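**Q** Before we start, here is the structure in question, set down as structure tokens.
Bear in mind these aren't lab numbers, they're just calculated from the coordinates by the rules spelled out. What you see is a predicted model, and the numbers here were worked out from it, not measured in a lab. Note that we place each Cβ from the backbone using ideal geometry, even for glycine, and neighbour counts take in every protein chain shown.
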Amino acid sequence: MADKDEAKKPEVAKDEPAAPDAPARKGKAITFAVFGGIMVVEGIAIFAAMKMLGHEPDPTVGMEPLAATTKPWEESLELPVVSVRVPNSNGARAMLYSVKVAARVHAKEKTEIEEFLKKRKSTIEDVISRVIRSSEEKHLAEPGLETLKRQVRFELNALIGDEHKIEQILIPECMPIPAGY
């Protein structure tokens with residue numbers, strides 16, 4: 001009898017791998033296809049609903065109304081403050097900076113500021129030189145010199161004693177000159 005059972009079984013070669021279970025793989029593929037299809041349909045439905053029910057944000061919400069930030073040119077004057085040549089060695093190599101500084105002030109305060117600039121000329125040169133000597137190379141290489149202007153304005157207003165006397169600092173010249181080799 002054992003011989004009959006063996007004869008009925010087909011012989012499987014030992015070199016061939018066993019055939020994969022076809023029904024199990026087919027069931028997984030169908031499951032992934034169904035869930036994938038449902039996710040795509042859900043995504044399309046959400047997109048369509050948001051397009052129909054939603055609206056674009058208003059770009060002006062939260063913005064303050066635009067107003068003039070500068071005064072008319074008749075009300076402001078530009079006064080030359082100082083012209084200095086200052087070394088700075090905070091970068092890769094030592095540089096000599098030739099800097100001219102001017103200040104924009106209100107026309108009503110012209111005489112007061114001019115008098116202050118004449119009386120305290122050496123102090124102002126010293127303060128501005130110190131600011132330039134202590135500045136980092138990246139601040140002296142900024143296109144608008146915003147950091148340097150802010151520091152100079154702070155120091156000058158501190159000397160004057162009123163932070164609103166000088167409206168703006170102008171630096172018409174800031175020329176780096178290689179020093180040394």
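**Q** Between Met175 and Thr123, what length comes free when the chain is fully extended (0.36 nm per residue of separation minus the Cα-Cα distance, one decimal in nm)?
**A** Full extension from Met175 to Thr123 adds 16.5 nm.
**Q** If you don't mind, another one. Among the listed pairs Lys138/Lys165; Lys108/Lys165; Lys119/Lys165; Lys100/Lys165; Lys119/Lys149, give every one whose C-alpha distance is greater than 18 Å.
**A** Lys138/Lys165; Lys100/Lys165; Lys119/Lys149
**Q** Give me the extension gain from Gln168 to Glu155: residue separation times 0.36 nm, minus the current Cα-Cα distance, reported in nm with one decimal.
**A** Length gained between Gln168 and Glu155: 3.4 nm.
**Q** In nm, what is the difference between 0.36 nm times the number of residues separating Glu146 and Arg104 and their Cα-Cα distance?
**A** 13.6 nm
**Q** Also, quick follow-up: Using the crude model of +1 on Lys and Arg Cβ and -1 on Asp and Glu Cβ, and no other charge, please compute the dipole size for the stretch 76-178 relative to its Cα centre, in debye to 20.
**A** Values: 17 positive and 16 negative charges, 49 e Å.
Dipole magnitude for the stretch 76-178 comes out near 240 debye.
**Q** Let me have the relative contact order for the stretch 76-178, percent, based on Cα pairs under 8 Å that are six or more residues apart. Can you show the working numbers first?
**A** On the way: 162 pairs, mean separation 39.1, N = 103.
So the answer I get is 38 percent.
**Q** Putting +1 on Lys and Arg Cβ atoms and -1 on Asp and Glu Cβ atoms, find which of Leu96, Ser83, His164 reaches farthest to the positive end of the dipole of the stretch 76-178.
**A** Leu96
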